[in-house]
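The values are calculated or read from the model by the stated rules, or taken from the named source; none is laboratory data. Because the structure is a prediction, the values reported are computed rather than measured. Please note: Cβ atoms are built from the backbone with ideal geometry, for glycine as well, and neighbour counts cover all protein chains shown. The protein model used for the area step is the full one, side chains on, heavy atoms only, and it has no ligands, DNA or RNA in it. Shrake-Rupley method; radii C 1.70, N 1.55, O 1.52, S 1.80 Å.
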Amino acid sequence: MSDSEQDWGTVLSGHRSPEMITRLTPVFEAHNIAPDAVASALADQEAFVAATTSRSDWADAYGGKVAAALIAAEVLEQAAALQFTVSTIRSRIVAQVVAESSVGETARQLGYSHQHISRLRKSGAAQQRHETEEVTSRSVVLGI
């Protein structure tokens, strides 16, 4: 693995799989995009978005339109990964709250419909069962 791939791994590992990082590295390098440019946009997404409205040639600061589009894709991918994680957390918590009270009470407390709470509860319960099964499987494999 070259030094640039290690840098890309550090920058992209929070929202990209190792396989995708390997596929994307040559694409970024072909467009002369440095890991620091992507890291900067990921670290301050609001500044990246604000730059798009500042001037008509804003993309030049990122290496041109293609480079800016590639960086924008990473900002979007990171946001999607965060949204998925937070959605999972919410579903798990809602499942726990419902287990301690009821769907109706939880819906009232959160200001959601009964149907929405039921969907979140089912999703959260399924995720918790899946995690329990994974831990059990790992324990069996490891002999714990």
Inside segment 21-61, can you point out the residues that are among the hydroxyl-bearing types (Ser, Thr, Tyr) and under 21 Å from residue 9 (Cβ atoms)?
22, 25, 40
Looking only at segment 11-40, which residues are open to solvent by 70 Å² or more (accessible area, probe 1.4 Å) and of a type in the set (Lys, Arg)?
23
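Take the residues in segment 1-10 that are open to solvent by 70 Å² or more (accessible area, probe 1.4 Å) and under 17 Å from residue 78 (Cβ atoms), then tell me which one is modelled with the lowest pLDDT. Walk me through how you get there before you give the answer.
Of the residues in segment 1-10, the ones open to solvent by 70 Å² or more (accessible area, probe 1.4 Å) are 1, 3, 6-7, 10.
Next, only the ones that are under 17 Å from residue 78 (Cβ atoms) stay: 7, 10.
Details: 7: 90, 10: 93.
Among them, the one singled out is 7.
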What are the residues in segment 103-126 that are of a type in the set (A, V, I, L, M), closer than 11 Å to residue 91 by Cβ and surrounded by 14 or more Cβ atoms within 10 Å (Cβ to Cβ), if any?
117, 120, 125
Of all residues in segment 52-102, which are of a type in the set (Asp, Glu), farther than 30 Å from residue 121 by Cβ and part of a helix (DSSP H, G or I)?
60, 74
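Mind listing whichever residues of segment 72-92 are of a type in the set (Gly, Ala, Ser) and under 22 Å from residue 40 (Cβ atoms)? Break it down stepwise before answering.
First, pick out the residues of segment 72-92 that are of a type in the set (Gly, Ala, Ser): 72-73, 79-81, 87, 91.
72, 73, 79, 80, 81, listed by residue number.
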For the structure I just gave you, tell me whether residue 47 is loosely packed, with under 13 Cβ neighbours inside 10 Å, aliphatic (A, V, I, L, M), out of contact with any strand residue (DSSP E or B) (no Cβ under 8 Å at 6 or more places or on another chain) and part of a helix (DSSP H, G or I).
yes
